[in-house]
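The values are calculated or read from the model by the stated rules, or taken from the named source; none is laboratory data. A quick note: this is a predicted structure, and the numbers were derived from the prediction, not measured. So basically every Cβ, Gly included, is an ideal-geometry build from the backbone, and we count neighbours across all protein chains shown.
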Amino acid sequence: MSEYQYYEFLSIDRPLKEDDMAELRALSTRATITPVSFTNEYNWGDFKGNPDNLMQRYFDAHVYVANWMTAIFMVRLPIETLTRETAKAVAAPYLLDIKPTKTHWIITWSLEESENYDRFGMEDGRGWMARLAPVRDELLRGDLRSLYIGWLAVMVGEMMDDDEMEPLSVSGLGDLTVAQQALAEFLEVDPDLLAGAGMGSPAAQESEVSRREMEKWIDSLPREEVNSILKQLLEGKGQQAERSVRNRFAVWRRGLQNSDTDAPRRRVGELCKNAEKVRLIRLEKQKRDRKQRETKRREKRKAYLKNLSSDFPKAWASVKEPVERGSGRGYDEACRKLVDIAEAYDLFATKNQFQSELKKFMDGHLQRKALIQRIVKAGIWKDQ
């Protein structure tokens, strides 16, 4: 297997400047660089840049995939987005890393020891950023479910004791967003464990923004912040200004709410028991589904054979054409037809009638050794 690495960075809050793009170009002559992104693939060699440094200086999201079973997703968030208590509660070295800078949090979800060889044998990294990037906006709005998903990966990776507690109680685990589901898939979180964590999790509360809230927040803005926003608009940076305003407003609203639920935290042992319940329910459903599919298959087969039995002479005539082709493929087709006819006689006539008709049919084809071998193997003819 040849070496493969995929790097993708995304700038969300502000576009890259020309100087920024020039500095990034110095790190790679082959990368695709735009005012909002940096993408490169390596089949040999390595990337000269340091993803941590690039995230601190330029970017808001990063995806890395390597075919030695490694997958990494990173986001950069304003420091006001998380409390230090929350960051400390869920963080775990090498699996869910949460580091502060002076102005931001850098959050890193890592998968380092996958056993999904099929995935990484075909994985090229493309498409993950589009699926995962919305996680950042969700965190800005105070939705901590993506951090909980990262902790579930930690729980399995570190084989925690049953008495250990979940780091925080989060609502809505039973109804994850599309991006959160993608993150769980990216990190290969056990689906049964994920569903088990959702058992008993309070429903996520929809929180609509009221005009009164907006007016209250706008009235509280310091004049220098208002001036900064207006300056951005006049400089043609409307998208950057909008993103900045929305982020600040989300942080302010989060200060009025309690992101965590009042539900008691659960022990690891309880989550494991929930996961086992989910597994048993899933297996039972799969068993029922298989049974239903088999019942439908048998009903369809029986209807086909009944139709075949309604005109046996026509059925026998249909075998002649593939036999007379004299090819291996023709003999295979003829054998399949004969097996069907035999089963139709068994259900809607008698086996003796089939054997009598088969003998008549074969009297003209006893020289076709390849055909005889096939129907003997199918168990509907005894070699003379």
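Looking only at region 159-178, decide whether some residue is buried (at least 21 other Cβ atoms within 10 Å of the Cβ), assigned by TED's automatic domain parsing to the domain that holds D97 and within 24 Å of F38 (Cβ to Cβ). Checked against the condition, which is being buried (at least 21 other Cβ atoms within 10 Å of the Cβ), assigned by TED's automatic domain parsing to the domain that holds D97 and within 24 Å of F38 (Cβ to Cβ), region 159-178 yields no hits at all. Within region 72-98, the residues that satisfy the criterion of being under 16 Å from S146 (Cα atoms) and either among the acidic types (D, E) or assigned to a strand (DSSP E or B) (or both) are I72, F73, M74, V75, R76, L77, A92, L96, D97, I98.
Kindly check whether there is at least one residue in region 142-152 that is farther than 16 Å from H62 by Cβ and either within 14 Å of the chain's Cα centre (by Cα) or surrounded by fewer than 17 Cβ atoms within 10 Å (Cβ to Cβ) (or both). Yes, that holds for at least one residue. A count restricted to region 33-61 and to residues that are among the β-branched types (V, I, T) and crowded, with 17+ Cβ neighbours inside 10 Å stands at 2.
So which residues in region 58-87 are among the charged types (D, E, K, R) and at pLDDT 95 or above, if there are any at all? Within region 58-87, D60, R76 meet the criteria.
Being of a type in the set (A, V, I, L, M, F, W, C), at pLDDT below 75 and assigned to a helix (DSSP H, G or I) is the filter here; which residues of region 239-295 pass it? The answer is A250, V251, W252, L256. In region 150-190, the residue that is farthest from R265 (Cα to Cα) out of those that are without any contact (Cβ under 8 Å) to a residue 60 or more places away in the chain and of a type outside the set (A, V, I, L, M, F, W, C) is E185. Entry remark, region 343-384: residues being touching a helix residue (DSSP H, G or I) at 6+ places or on another chain (Cβ under 6 Å), among the aliphatic types (A, V, I, L, M) and not in a helix (DSSP H, G or I) number 2 in total. I106 meets each of the listed conditions (1) hydrophobic (A, V, I, L, M, F, W, C); (2) farther than 20 Å from V278 by Cβ; (3) part of a helix (DSSP H, G or I) apart from (3). Only residues that are at pLDDT 90 or above and either in a helix (DSSP H, G or I) or not assigned by TED's automatic domain parsing to the domain that holds V75 (or both) were counted across region 120-153, and they come to 20. Annotation: H104 fulfils all but one of (1) touching a residue at least 40 places away in the same chain (Cβ under 8 Å); (2) buried (at least 17 other Cβ atoms within 10 Å of the Cβ); (3) within 21 Å of V178 (Cα to Cα); the unmet one is (3). Exactly one residue out of R30, R14 is over 29 Å from N116 (Cα atoms) and either out of contact with any helix residue (DSSP H, G or I) (no Cβ under 8 Å at 6 or more places or on another chain) or crowded, with 20+ Cβ neighbours inside 10 Å (or both), and it is R30.
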